[in-house]
Amino acid sequence: MDFKIIQMINGAKILVENCANVKPGEAVLVITDTAMPFSITEALALVAQARGAESEIMIIKQRDYHNQEPPKPAAEAMKAADVVFEVSSKGFYHTEARREANRAGARYITLCEITEDLMIAGAVEADYVQIKPTVDKLANKLAMGNSLKVTAPGGTSFTADITGRPGRALSGVVHNPGDFGAPPDIEASVSPIEGTANGVLVVDAYAIDVGLISEPIKITFKDGMAIKVEGGAEAKKFRDRLASAKDPLIYNFGEFGIGLNPKCGMTACLLDTEGKAGTSHVALGSSPPGSGGKVRATAHIDLVFWKPTIEIDGDIVLRDGEVVLK
């Protein structure tokens, strides 16, 4: 057996046993694409088999962009499985195939952009079950809230209306039919009411399709839409990415999330960055499924920033990135 696979067995066991609670006799699909290390897929399939499950591996061609629909045979296989592990370079989260799989009862875990290093040590090794109550508490606070105010030392300062919008809890614990998780990403999030986000977001950690940020990107929002993107070379790259979509909805303020995994780092892997405790993220474009948001754009683009202070109806729930909600 490949030594890398042996090194990843513990991380795979956490995902298979703690996160997905795979049981004997279940049908487990590990779907991957041609750009991902096959060792990760093999480790997950082997651990699932050791649990007594029937594991199947499917390899598809790398998608051209995030949230492009997988081919029909893959979509059908996802829908037929009890548990799906998606080991992808371009994620399926916002696809109809993923939604259909969840509606059919599949427990679904995306491992978009996961690396061998992350499987061997670090973010994947979080205690998902222990962190879950904090995730649920913050998601419930968001669900019960009306006004959201966010500031950060980098210059972020914006407000939004979240009245009536469900708080989403992504704890990484995927034990019930139809559950979805994205470990090592652990977060609570909300999709503000369209047209209500106003202020400034300063992205100083990570931007999807750009990578780790060396020079902050300043984005100004007015009535729920990004109207200005300022900064240096990375800001230009990001402006070009938005323009290339040729979709006015790509500028929509689609989501606000709170990272809660203390094991996460700040790497080129999206799930490792947006789940990192001490950060928050805003997504432009599509509203997440199940969020109550109404926008379906051509993409969902996450932007991560450091040390948020978050107020919900005037109550501070995070201060400089630290959870203070009791």
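Scanning the range 152-178 for residues that are part of a loop (DSSP other than H, G, I, E, B) and surrounded by 21 or more Cβ atoms within 10 Å (Cβ to Cβ) yields Ala152, Thr156, Ile162, Arg165, Gly167, Ser171, Gly172, Val173, Val174.
Every residue, every condition in (1) modelled with pLDDT of 95 or more; (2) assigned to a loop (DSSP other than H, G, I, E, B), yes or no:
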site	(1), (2)
Met36	yes, yes
Val47	yes, no
Gly52	yes, yes
Tyr65	no, yes
Pro73	yes, no
Arg99	no, no
Asn102	yes, no
Gly105	yes, yes
Tyr108	yes, no
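Restricting attention to the range 58-104, the residues that are under 12 Å from Leu29 (Cβ atoms), acidic (Asp, Glu) and over 16 Å from the mean Cα position of the chain (by Cα) add up to 2.
Return the total of residues in the range 271-282 being under 11 Å from the mean Cα position of the chain (by Cα) and either surrounded by fewer than 24 Cβ atoms within 10 Å (Cβ to Cβ) or more than 24 Å from Val124 (Cα to Cα) (or both). Total satisfying the criteria: 0. Could you grab me the full set of residues in the range 284-313 that are within 24 Å of Gly265 (Cβ to Cβ) and assigned to a loop (DSSP other than H, G, I, E, B)? Pro288, Lys307, Pro308 - these are the residues of the range 284-313 that are within 24 Å of Gly265 (Cβ to Cβ) and assigned to a loop (DSSP other than H, G, I, E, B). The test for being under 23 Å from Gly292 (Cβ atoms) and assigned by TED's automatic domain parsing to the domain that holds Ile301 does not hold for Gly91.
Screening Ile193 with (1) buried (at least 23 other Cβ atoms within 10 Å of the Cβ); (2) outside any strand (DSSP E or B) gives one miss only, at (1). Taking every residue in the range 189-204 that is free of Cβ contacts under 8 Å to residues at least 60 places away in the same chain and within 16 Å of Leu142 (Cα to Cα) and pairing it with any residue that is of a type in the set (D, E, K, R) and in a strand (DSSP E or B), at least 6 positions away or on another chain, the pairs with Cβ-Cβ distances below 7 Å are Ile193/Asp161; Thr196/Asp161. Condition test on Ala283, is it farther than 23 Å from Arg168 by Cβ, assigned by TED's automatic domain parsing to the domain that holds Gly178 and not basic (Lys, Arg)? Judged against the criteria, Ala283 is not a match. Can you find a residue in the range 239-258 that is modelled with pLDDT under 95, polar (S, T, N, Q) and under 18 Å from the mean Cα position of the chain (by Cα)? Among the residues of the range 239-258, not one is modelled with pLDDT under 95, polar (S, T, N, Q) and under 18 Å from the mean Cα position of the chain (by Cα), which makes the answer no.
Listed residues Lys132, Lys137, Lys149; which is basic (Lys, Arg) and in a strand (DSSP E or B)? Just a single option satisfies the conditions, and that option is Lys149.
The rows are residues; the columns are (1) in contact (Cβ under 8 Å) with a residue 24 or more places away in the chain; (2) surrounded by 23 or more Cβ atoms within 10 Å (Cβ to Cβ); (3) among the hydrophobic types (A, V, I, L, M, F, W, C).
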site: Ser214; (1), (2), (3): no, no, no
site: Lys237; (1), (2), (3): yes, no, no
site: Asn261; (1), (2), (3): yes, yes, no
site: Pro288; (1), (2), (3): yes, no, no
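If you go through the range 1-27 and keep only what is farther than 14 Å from Ala126 by Cα, outside any loop (DSSP other than H, G, I, E, B) and either among the polar types (S, T, N, Q) or in contact with an Asp or Glu (Cβ under 7 Å, 6 or more places away or on another chain) (or both), you end up with Lys4, Ile5, Gln7, Met8, Ala27.
Checking the stated criteria, Ile114 turns out not to satisfy the condition of being closer than 20 Å to Met36 by Cα, touching a residue at least 12 places away in the same chain (Cβ under 8 Å) and not in a loop (DSSP other than H, G, I, E, B). May I ask you to verify whether Gly224 is surrounded by fewer than 24 Cβ atoms within 10 Å (Cβ to Cβ), over 30 Å from Val323 (Cα atoms), small (Gly, Ala, Ser) and touching a residue at least 12 places away in the same chain (Cβ under 8 Å)? The answer is no for Gly224. You will find that of Ile316, Ile250, the residue that is surrounded by fewer than 19 Cβ atoms within 10 Å (Cβ to Cβ), outside any loop (DSSP other than H, G, I, E, B) and in contact with a strand residue (DSSP E or B) (Cβ under 8 Å, 6 or more places away or on another chain) is Ile316 and no other.
The values are calculated or read from the model by the stated rules, or taken from the named source; none is laboratory data. Remember, predicted model here, so these are calculated numbers, not experimental data. Methodologically, a virtual Cβ is constructed for each residue, glycine included, from the backbone with ideal geometry; neighbour enumeration extends over all protein chains shown.
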